[in-house]
1. Using alpha-carbon positions, what is the distance between the centroids of region 304-370 and region 581-598, in Å?
2. What ranking do 225-235, 559-569 get when scored by the average of other Cβ atoms within 10 Å per residue, highest first?
3. Set the bar at 32 Å for Cα to Cα. Now go through LYS182/LYS556; LYS244/LYS523; LYS222/LYS556; LYS146/LYS182; LYS255/LYS285; LYS182/LYS346 and name every pair that lies beyond it.
4. Hey, if we sort SER592, SER482 by accessible area with the 1.4 Å probe, largest down, what's the order?
5. Roughly speaking, what is the centre-to-centre gap between region 160-181 and region 453-502 when only Cα atoms are used, to the nearest Å?
6. Please list ARG430, ARG121 in order of solvent-accessible area, largest first, computed with a 1.4 Å probe with all protein chains present.
7. May I ask you to derive the FRET efficiency for ASP256 and TRP126 from their Cβ-Cβ distance with R0 = 41 Å, giving the value to the nearest 0.05?
8. Just read off the accessible area of GLU325 with the full protein assembly in place, 1.4 Å probe, to the nearest 10 Å².
Amino acid sequence: MSISGLVSVMKSPNPITTLPLYLNLTLQFLSLFTSSSLTGRSVSAQSSRKMSMYGRDPWGGPLEINTADSATDDDRSRNLQDFDRAALSRPLDETQQSWLLGPTEQKKKKYVDLGCIIVSRKIFVWTVGTLLVSALLAGFITLIVKTVPRHHHSHAPPDNYTLALHKALMFFNAQKSGRLPKHNNVSWRGNSCLNDGKSTSSSSSITKDLVGGYYDAGDAIKFHFPASFAMTMLSWSVIEYSAKYEAAGELNHVKDIIKWGADYFLKTFNHTADSISVMISQVGKGDTSGGSTSENDHYCWMRPEDIDYDRPVSQCSSCSDLAAEMAAALASASIVFKDNKAYSQKLVHGAKTLFSYWDEFIWGGAWLYYATGNSSYLQLATTTGIARHAGAFWGILIIAYLAGITSLPLLLSRLRLFLSPGYPYEEMLRTFHNQTSITMCSFLPVFTSFNRTKGGLIQLNHGRPQPLQYIANAAFLATLFSDYLDAADTPGWYCGPNFFSTDVLREFAKTQIDYILGKNPRKMSYIVGFGGWKWRDSKKPNPNTLVGAMVAGPDKHDGFHDVRTNYNYTEPTLAGNAGLVAALVALSGKKSTGIDKNTIFSAVPPMFPTPPPPPAPWKP
């Protein structure tokens with residue numbers, strides 16, 4: 001290629017496309033200079049001298065070529081062509097070839113037809129390979145995990161209160177009457193007393209379905225007053241400590257126990273009516289007076305499954321205490337089952353029906369207020385005359401006989417602590433709160449309201465038989481009041497001028513329940529099946545064990561006679577076990593769990609205290 005060809009290329013309008021050719025020509029041109037400088041060394045000395053006169057090109061060639069000594073134009077053209085052919089005949093390296101030829105031809109991609117889609121073979125191979133490697137790694141990791149010894153971080157074992165709670169609840173399963181569910185979990189208890197209410201005896205004029213409910217104690221009689229109180233206490237404990245029941249795995253169990261009782265209560269009166277004048281108070285009869293040998297639940301010492309005699313039914317039309325107690329049971333249960341709207345409303349209606357006729361008791365009124373939010377029940381419960389008539393301020397000396405009276409001030413103190421309704425309820429609520437504080441003070445060893453045995457058991461019934469049922473309920477109430485104060489950010493309460501921490505109340509409850517569980521002078525548990533203690537009334541062991549039953553308890557000297565014939569020592573009761581269950585769940589788990597502050601107020605509307613009336617005008 002001539003120099004003119006090089007110039008024409010450099011003037012090309014498209015420098016991008018001609019760049020490789022331009023670079024190639026540049027290399028050839030440089031080669032030309034190199035070759036000419038080498039051949040220039042054979043020029044005559046004269047020419048050499050002439051060139052030295054003008055100096056030399058720093059790149060190795062002369063700065064000027066003397067035309068006189070050079071060849072003709074044709075010779076130069078032939079020489080350049082020779083140089084072009086010589087340069088082109090030299091093999092080009094890979095970079096030079098790329099400049100000259102431009103981009104090389106791309107390889108043809110290969111694809112894999114998967115049926116639904118077509119993918120690149122390279123992508124397919126990489127994907128399958130990645131999946132295989134991942135599977136191998138996962139299998140290897142799994143193998144390592146299974147073969148390497150594990151260090152289990154086991155949970156802390158349940159405390160004694162939780163262990164005893166499981167057994168104490170089983171007592172209610174064994175006390176169930178009627179046609180039992182399949183999941184009752186008491187192997188030796190079967191269907192019993194399936195003819196209750198359908199007696200053919202001429203002495204009973206009542207014929208209705210009264211199958212179900214609970215046997216009260218060691219006999220097969222169904223007493224509705226203590227059963228109502230027992231269900232109320234269980235419901236109260238669930239409302240306050242549902243989280244602890246759930247942590248122990250017993251929430252559904254205890255709710256089933258409450259429902260079994262509530263369903264039966266609805267059978268004892270016309271719960272669909274708006275008012276009633278009569279209700280059933282008892283099913284069965286026990287009478288051994290005067291050496292009577294008639295068939296009844298005290299003379300016939302037998303399993304309820306084997307009862308084949310008529311069981312009389314008792315009714316009443318002036319039993320306001322029973323009506324109020326059962327109204328409280330149904331109202332409190334309605335809060336437990338508030339998530340089941342239809343059933344909850346059914347229970348509330350039944351409670352209203354009972355309370356509409358007998359409306360002088362504040363225990364039922366307080367629970368109805370919590371269940372309905374109807375302020376008329378609260379007004380009734382905080383009426384001074386009604387409270388005094390109900391015995392709310394009779395003092396602590398009768399605490400053992402009227403456990404509901406002890407519970408009532410605490411139940412209404414809760415309202416004052418957390419909602420502070422103000423006028424017109426404040427005065428009476430403050431009175432209830434003060435009564436609660438006085439009762440709690442009486443539990444402390446520093447005071448002498450109640451004697452204690454040498455083993456430390458408080459004598460709430462002043463040394464009379466069957467003390468444990470009262471003590472268990474008191475332990476629940478003491479723990480509950482302690483948790484109320486903690487939830488209200490109150491560190492304690494005053495007993496006269498002295499201030500006591502809430503921990504003191506909890507410690508009292510612990511010492512009493514620990515005594516029942518076995519920390520006593522006899523080193524024995526008073527709960528059947530807890531601590532390994534077996535019951536017997538002869539040298540032969542009992543055929544069945546009433547697991548979880550809390551017996552009546554020791555005497556005032558810590559003595560105990562393990563004989564079935566003496567019920568003052570050995571007979572368990574629904575009310576006693578209900579208090580025990582409540583106390584156990586309150587003490588179980590961590591103290592920090594505390595109470596549920598809000599559930600009991602689910603139906604209570606926001607409270608806006610009414611301003612008190614202005615003072616009467618001054619008269620001289």
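The values are calculated or read from the model by the stated rules, or taken from the named source; none is laboratory data. Note that the structure is a prediction, hence the values are computed from the model and not measured. Glycine also receives a Cβ, built like all others from the backbone with ideal geometry; neighbour counts cover every protein chain displayed. The area values use the complete protein model at the heavy-atom level, side chains included, leaving out ligands, DNA and RNA. Shrake-Rupley method; radii C 1.70, N 1.55, O 1.52, S 1.80 Å.
1. The distance from the Cα centre of region 304-370 to that of region 581-598 comes to 26 Å.
2. On the way: 225-235: 26.4, 559-569: 14.4.
Highest mean packing first, the order is 225-235, 559-569.
3. Exceeds cut-off: LYS182/LYS556; LYS146/LYS182.
4. Values: SER592 105, SER482 0 Å².
From most accessible down to least: SER592, SER482.
5. 26
6. Ranked from most to least accessible, the order is ARG121, ARG430.
7. Values: r = 60 Å, r/R0 = 1.45.
So, using R0 = 41 Å, E works out to roughly 0.10.
8. 10
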